[in-house]
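Here the structure comes first, spelled out in structure tokens, and everything after it is commentary.
The values are calculated or read from the model by the stated rules, or taken from the named source; none is laboratory data. Values in this document were obtained by computation on a predicted structure and should not be read as measured data. Heads up, the Cβs are rebuilt from the backbone with ideal geometry, glycines too, and the neighbour counts pull from every protein chain shown. We work out accessible area using only protein heavy atoms, side chains counted, and drop any ligands, DNA or RNA first. Shrake-Rupley method; radii C 1.70, N 1.55, O 1.52, S 1.80 Å.
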Amino acid sequence: MSETESDRAPEALLPLKPLEFSILLVLSREPSYGYEIVHRIEDRPAGGIHLAPGNLYHVLDRMVDDALIEEADASARPEGADGRRRYYAVTPFGRRVAELEAARLRAVVETAESLDLVPGAGRPE
Amino acid sequence: MTSPGFPGQGLLHLLLRLHPREFRERHGEEMRRYLRDAWRADAAGRGPLAALRFWARMAGGTVRTALSQRLGLLARRLRSAAGREIAGASGGRGDVVRALRSLRRRPVFGVVVVLVLALGLGANTAVFSVLHAVVLTPLPYPGPDRIVRLYRTDLDAPGERNYLPAPAFLHYREHAGSFTVLAAFYDYDLQGADLTGGDRPERVEVVPAGAGYFRAVGTEPFLGRAFRRDEEREDARLAVVTHDIWRRYLEADPDAVGGTLVLDGVERTVVGVLPEGFRDPFHPEVDVWVPQDLVPGGYNHWDNYYLSAVGRLAPGVSVEEARAEIEALTRRQGELDSGAEDESGELVPLREVVVGEAGSMLWLLWGAVGLLLLVACVNVANLFIARALARSREMAIRSAVGGGRGHLVREILTESVVLSVVGALAGLGVGAALIRGLIAVAPPGVPRLDALGFGPTILVYGVALSLPAGLLFGLAPAVRAARIPVAEALGSGGRGRTEARRHARLRSALVIGEVAAALVLFIGAGVLVKSFHRIRSAELGIDAGGVTTFRVHLPDARYGEPADRIRFHEELQRRLEALPGVRAAGAIHALPVTGESWIWGTRPRYPDVRETEYYGANQRVVEGRYFEAVGLSLVQGRLLGAEDGPGDPRRVVVNRALAGRLFPGMSAVGRTVRIAGSDVRIVGVVEDAAVDPLGRTTEIVYHDHSQFGDNRNWELHQVVALRSGAGDVLPAARRIVGELDPRLVLFGARPLAEVVGRGVARERFTMLLLTAFAGVAALLAAVGIYGVLASVVSRRRPEFGVRVALGAMGRDVRRLVVREGARMAGAGALLGVPAALLLTRLLESVVHDVSVTDPWVFIASVGGMVAVVAVASWIPAWRATRVDPVEAFRAE
């Protein structure tokens, strides 16, 4: 079990890679396991799942090493969870990093809106 | 754990094995579950194509991730091994560490080897993958080798395959015992249909087919049924649809059978839905099948050759036996019909029909890319030899202090295997990228490209190709370098003079082989370039520049009356002609340079010709100012025009070829010919327009649609010639069509130049690829020559120093080096030219109007190779002139 707190500042991990951010978003709802995480991220595209399993677990390992997520013990798993699967949950540190990443992305979008590169909320196209 | 319904256990195991052991142990079970879940969601029960795509995606991602993990692991081990003594390390792991450290000291060597291997292996893998998908992969139909297509042939021209008359097909079906099923279908002139039911009409492909068609090609509707024999009638308003149409237009309703679709304004009852993933073997894009009319009479007579047929051989019957029976039946048909006694039947296996000429093109390209790989491997072998020689002093020292010879050989071999593995992986990456490129530039008509992917077979092929290569080109230099006597290696200059000379001879021999192989590719490419140039220069008789074509189909339901069709086309032409920027607008039912078709009996009517004299001439229906639009000039008489209306006597224009054949030595204008039961008068003669991209011409009769539109519903290709600088005419054309009838669809828009170009797309593709291979091979050969000459200069530095010290000019020294290069090039040419004379015969099926042993091509190719060698020799030659005699003596 990795440590739930990192000795690094959350800002040191920004910007997050899109896949890592997506995983944090999925896990911030509730703990989940490998395929279910990807299923929720990719939302069933027409061509099927595109992420190979090795890729996913490689990224999950890295996120565990960075203390962004951890393996969920039995008490933290959602009701009806399959006992044979390995579930992951977001750590408080990981949640903080996700919040900072979301704030960073919002600032980027706001900048784009101010430059008229994207329509702003409530503004007709 | 075995999961029922989950194929690919072996492949799953292979993929997981690519990952490092530690990762596998930690996540193996999770990854297995993941793959099974993803399989169930994305591929299970969706056919072989979906399965192939699934595994290609997973394999591609796994290879990338596994490679990254292993390289990271190697790097970590390297860092930890840096603190260990060389003598203390032992076993394979130590060899790999030492090999990596050695390579890290000379990164350029490693990078060059990996790049050269990646190029050769990648190109080979890419071409093999296309070959595999198109030619080697079994057709996705049950018992594909039992499916044959039936043609009619002429005994005078047995190689030419023709369509069948309906009575002939019915006779075969009734009497042929060699088939479990024989079915008719129509694809002589597929027009498609407008399918309505959505927001706007959609153009779909439609094939009329008879009873037993689906059983012949190995499928059955999973809902409903196929057509029955009693439904082979024109008034049978039925349809069988694909799974996709069922999903989009019938809402995937399990009770959709009995529902209706509207095709060209005609309601058809859906009687069957085909399984998902099924694609028609002859027309993969077809969406709907309708019953083929086989009722005797009407156009189902012995003189109308328009039907196609497919059969499934009965168990135990060979193609030859079935062919013999068809030939015998055709002879019996000769007793029933006076025309059939000069004819025979031909059976062609489905594979040959589907793959067609693409197969020979692909085998050719695979051979060429094999030569390229040979050049790449020889190049790498050369690099290894040079490196082994450069390390001979190091080897000698280690041998002198107790390192065993076997150990040294193993270390060099390990280096070559490591590089070949990395090169192989890099080659797979290059191959995957090239596959995408090949798909993008592949000519139209190359079948089965949708099945192309980076699957397990391709992976295995790439790895199997590279690993033996790695051992091979590492073995010779490894053994030789380890054999250098210690004293010699440590002796004057530490270069092992004698062995260096032997190495130089071996390297020269390898480079000569490289030059020969590259020259063969050069010559092959040169022949194709010349052939392609001849094709492109062929006189087509038309001017395709600035001409746009498109089609508008008039459905029978609303344009059943000839007067309605004639009025529509006349009005369309008038409005198109009036658009700004339009030079001329017309239409024709079969565009030029797209092959012969609609060959009907055309009998001249003059007293000294027997009534039974029969000439087959291509019939074409034109409208508007077609001849002006495509630049076909008038030779005699006049063109068709407003005076040739529906109520006027029937008139036609013929081409020069027909006029010369039917009326030799006299003017054809004013003469009469009999076509389709009517006498028509010739009012004009135009120049010949080619029927294929090679400029071949044939006899053609042009009818005015205003007069011939009552024969049938001709689907005309609109042909609009624009003035230079005029913009795109299509938006205006769409608007005009919409104004005339908002329910019509304008489709198939293409420049006429592209229509013409499609006919040579295969030749262009082959030429471009072979030229690219030749270019790369020449580059590699140049690198090989450069490497050898550079080592020659290095080895002979003292000699050059002495010569310069004794007063030799720079050009004298340069000449020595260049002569060495020229000697290798000359020897390579002596090998390569005879090899090319043999191998270029393989190009005979793909060249036109050019000899595969054209001497000018050979001369130009040898000249080109000489130029490459000259450039490659220049730098070492220049360096040889910069040798400082004092430095040279000091080093000595």
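Structure above, values below:
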read-out	value
Boolean, B:GLY92 is within 12 Å of chain A (Cβ to nearest Cβ), surrounded by fewer than 19 Cβ atoms within 10 Å (Cβ to Cβ) and either modelled with pLDDT of 75 or more or assigned to a helix (DSSP H, G or I) (or both)	no
Strands (runs of 3 or more DSSP E) fully within the range B:582-682 counting 1 or more residues that are open to solvent by less than 10 Å² (accessible area, probe 1.4 Å)	B:582-588, B:599-604, B:616-624, B:651-655, B:672-675
Condition check for B:ASP145: over 27 Å from the mean Cα position of the chain (by Cα), closer than 30 Å to B:ARG331 by Cα and open to solvent by 60 Å² or more (accessible area, probe 1.4 Å)	no
Number of the exception - B:GLU234 against (1) at pLDDT 85 or above; (2) in contact with a helix residue (DSSP H, G or I) (Cβ under 9 Å, 6 or more places away or on another chain); (3) open to solvent by 40 Å² or more (accessible area, probe 1.4 Å)	(2)
Count - residues of the range B:104-130 that are assigned to a helix (DSSP H, G or I) and surrounded by fewer than 20 Cβ atoms within 10 Å (Cβ to Cβ)	8
The one condition in (1) more than 11 Å from chain A (Cβ to nearest Cβ); (2) more than 24 Å from B:PRO138 (Cα to Cα); (3) not in a helix (DSSP H, G or I) that B:HIS19 fails to fulfil	(1)
Residue in the range B:693-708 that is under 33 Å from the mean Cα position of the chain (by Cα), under 19 Å from B:GLY624 (Cα atoms) and assigned to a loop (DSSP other than H, G, I, E, B) present	no
Residue in the range B:204-215 that is among the small types (Gly, Ala, Ser), part of a loop (DSSP other than H, G, I, E, B) and under 18 Å from B:ALA314 (Cα atoms) present	yes
Where B:THR219 falls short, out of the listed (1) under 29 Å from B:ARG152 (Cβ atoms); (2) of a type in the set (Val, Ile, Thr); (3) open to solvent by less than 10 Å² (accessible area, probe 1.4 Å)	(3)
The range B:24-45, residues that are open to solvent by 20 Å² or more (accessible area, probe 1.4 Å), of a type outside the set (Asp, Glu) and at the interface with chain A (Cβ under 9 Å from one of its Cβ atoms)	B:ARG26, B:ARG32, B:ARG33, B:ALA41
Options B:ARG567, B:ARG558: the member that is part of a helix (DSSP H, G or I) and open to solvent by 10 Å² or more (accessible area, probe 1.4 Å)	B:ARG567
Test: residue in the range B:540-548 that is in contact with a Phe, Trp or Tyr (Cβ under 7 Å, 6 or more places away or on another chain), outside any helix (DSSP H, G or I) and open to solvent by 20 Å² or more (accessible area, probe 1.4 Å)	no
Where a residue in the range B:56-74 is in a helix (DSSP H, G or I) and its partner, wherever it lies, is among the polar types (S, T, N, Q) and modelled with pLDDT of 80 or more, with Cβ under 6 Å and at least six apart	B:GLY61/A:ASN55; B:THR65/A:ASN55
Residue within the range B:317-326 that is at pLDDT 90 or above, in contact with a helix residue (DSSP H, G or I) (Cβ under 7 Å, 6 or more places away or on another chain) and not acidic (Asp, Glu) present	yes
A:VAL108 in contact with a helix residue (DSSP H, G or I) (Cβ under 6 Å, 6 or more places away or on another chain) and away from every other protein chain (no Cβ under 14 Å)	no
All positions within the range B:261-276 that are more than 22 Å from B:LEU190 (Cα to Cα) and open to solvent by 50 Å² or more (accessible area, probe 1.4 Å)	B:GLU276
Test: residue in the range A:23-33 that is facing chain B (nearest Cβ under 9 Å) and touching a residue at least 12 places away in the same chain (Cβ under 8 Å)	yes
Answer residue from the range B:51-71, given it is among the aliphatic types (A, V, I, L, M) and at the interface with chain A (Cβ under 7 Å from one of its Cβ atoms) and is surrounded by the fewest Cβ atoms within 10 Å (Cβ to Cβ) among those	B:ALA66
Count of residues meeting criterion [loosely packed, with under 13 Cβ neighbours inside 10 Å, assigned to a loop (DSSP other than H, G, I, E, B) and away from chain B (no Cβ under 14 Å)] in the range A:79-97	2
Unmet requirement for B:ILE86, which otherwise passes all of (1) assigned to a loop (DSSP other than H, G, I, E, B); (2) at pLDDT 85 or above	(2)
Residue count, the range B:725-741 (criterion: open to solvent by 40 Å² or more (accessible area, probe 1.4 Å) and at pLDDT 85 or above)	6
